[in-house]
Amino acid sequence: MANSHDFKLSASTANLKCTDLLPYKNTDVTLEFLQKVVDVLKEFVMQTNDRNVKILDFRHPEDMKKILDLEIPEQGLNLQTLINDCVSTLKYQVKTGHPHFFNQLSTGLDIVSMAGEWLTATANTNMFTYEIAPVFILMENVVMTHMREIIGSNWKNGDSILAPGGSISNLYAFLAARHKMFPNYKEKGIATIQGQLVMFTSDQSHYSVKSCASVCGLGTDNCVIVPSDINGRMIPAELERLVVDRKGRGHIPFFVACTSGTTVLGSFDPINEIADICEKYGMWMHVDAAWGGGLLLSKKYRHPRLTGIERASSVTWNPHKLMGTLLQCSTIHFKEDGLLMSCNQMDAEYLFMPDKLYDVEYDTGDKVIQCGRHNDIFKLWLQWRAKGDEGFEKHMDRLMELSAYMVKRIKEMPDKFYLILEPEMVNVSFWYIPTRWRGVAHSAQREVELGKICPIMKGRMMQSGTLMVGYQPDDRRPNFFRNIISSAAVTEKDIDFLLSELDRLGHDL
């Protein structure tokens, strides 16, 4: 990031205060200030896409506190100081849109979506009524309907909402499932249920599913963890065994969370087989496709990964992940219309008056548990207008092709890299092999030793600022690298750089 002196306001403006901006005073001062902020943002965008610029300038927390002035003053600071604050903030921010950032499920910097977020912030409206967000409410209606049609033709007349993240989307599914089975729970509470409710999810699912059991009063002991196979997919026979076991104890199985794109391995649970079990025992099937949902847009890769998703009762799908929409943008979809409103409506007539001059069916605030909602739709709508279904399909296919290229390159260097499993998605899981472990037969002991070097290499990545790849253990393995390719900026040359840079950073360990 350029230095603060590259973003100097004019001498007549620099020492003015926020009270010299609109809505208080000067239009010209406001325009100059905003233009300078935009210049700072443009510089960050350019550097984010420059492979010769580091991903981050790492500092330890205590050192960062010494560099940055983060204190809240008694009296307001001048406009030039505020511009300088913007510069220093981005100077030390990780460039998550950088082509060599492979660290998170959400990566990349889609320019059209970013422009949409700028407009959203400027409009600064709440999404709870058509009255104050008419255009955005209609956009949400159109885009959510389109997403449901992509899930399945029998979903068109269902319902959807944008939620603050996939964890809350999963929570909405849980609440709707309980409400569907016990519609009096909303008013009467736990006394309505004569027995212990239990839910089921795989040992590879996102922790937010288990969190639902805690938040909603089941207790985590009643979120039954179903074993997965060696590829990270839920084992349907184990699910049925555990359902029968809990029913035998007098419990009430009511909810199964099926994962389409697990966080670590990127695995897809077998939806149709799980749906059969859910139908047999009268359980709600939720598909958490927060990560893998983007592949619904690809004719080539949708099947068999997401085959049967139309049989679900609810689906979480996060465009801010594989589709590259700016954070945050998470959707929850229901096959049955009316459940969201019936489950969550509190009839707060001081906000949601029924006698307005327009059709109040377009008011969304009473459908949700949070009342106020951030506008997360415009950036997705604008991005989808730019790409169309065809553009998103090409984007999904490209990400999968790049992941296949990475797998191919890893296999070509078996002395340096060990591929843990053939990926179903863009999660590529592997170990790096330093020089002293090359030629040694693979074993559990070698896995332990290779796991020990992952945090050391990650530290070297951050200190050099050239690369970011995530690592973690799972219940079968010590630490391993999990590389994510979900950014449109990545090319084959970036993957070649990634593997070469890992070797440079770790060969001597």
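Numbers for the structure displayed
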{"item": "Separation between Cα centres of the range 250-303 and the range 474-496, rounded to whole Å", "result": "24 Å"}
{"item": "Spherically averaged projected area of the chain from its Cα convex hull (nm²)", "result": "27.6 nm²"}
{"item": "Cβ-based exposure ranking for H100, H303, in which fewest neighbours within 10 Å come first", "result": "H303, H100"}
{"item": "Long-range HN-HN contacts of I252 with modeled amide H, under 5 Å", "result": "Q196, L197, V198"}
{"item": "Cβ-based charge dipole, the range 41-138, positive-most Cα from M46, M114, P73", "result": "M46"}
{"item": "HN-Hα J in Hz across the range 393-410 - Karplus 6.51, -1.76, 1.60, θ = phi - 60°, x for Gly and Pro", "result": "4, 4, 5, 4, 5, 5, 4, 5, 5, 5, 5, 5, 5, 5, 4, 4, 5, 4"}
{"item": "Within-15-Å neighbourhood charge of H395 [Cβ basis; K, R +1; D, E -1]", "result": "+2"}
{"item": "Fraction of beta bridges assigned by DSSP in the chain that are antiparallel (%, nearest 5)", "result": "50 percent"}
{"item": "Student exercise, the chain dipole from Lys, Arg, Asp, Glu Cβ charges, in Debye to nearest 20", "result": "1220 debye"}
{"item": "Options G292, M323, F200, ranked by Cα towards positive dipole end of the range 158-344, top entry (Cβ charges)", "result": "M323"}
{"item": "Neighbour-count order for Y362, Y24, fewest beta carbons within 10 angstrom listed first", "result": "Y24, Y362"}
{"item": "Potential lengthening between T122 and T89 on full extension [0.36 nm per residue; Cα-Cα distance subtracted]", "result": "9.8 nm"}
{"item": "Dipole magnitude of the range 384-506 about its Cα centre (Cβ charges: Lys, Arg +1; Asp, Glu -1), debye to nearest 20", "result": "480 debye"}
{"item": "Unit charges on C-beta of K, R, D, E only; dipole of the range 4-95, Debye", "result": "260 debye"}
{"item": "Sequence of R482, R373, R398, R302 once ranked by neighbouring C-beta atoms within 10 Å, starting from the fewest", "result": "R398, R302, R373, R482"}
{"item": "Neighbourhood net charge (12 Å Cβ-Cβ; Lys/Arg +1, Asp/Glu -1) for D203", "result": "-2"}
{"item": "Amide proton proximity set for F417, modelled H, under 5 Å, gap of 5+", "result": "I433"}
{"item": "Cβ-defined net charge surrounding H100, 15 Å radius [Lys, Arg +1; Asp, Glu -1]", "result": "0"}
{"item": "Under 5 Å, built H, 5+ apart or other chain: amide partners of C258", "result": "H286, V287, D288"}
{"item": "Estimated 222 nm signal from helices in the chain, with DSSP H stretches of n ≥ 4 weighted -39500 (n - 2.57), rounded to 500", "result": "-13000 deg cm²/dmol"}
{"item": "Among M406, Q472, L450 - extreme Cα towards positive end, dipole of the range 384-506, charges at beta-carbon", "result": "L450"}
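Here, each number is a calculation from the coordinates, and none is a lab measurement. If you're wondering where the values come from, they're calculated on a predicted model, not measured in any experiment. In this analysis, Cβ positions are derived from the backbone assuming ideal geometry, glycine residues included, and neighbour counts consider all displayed protein chains.
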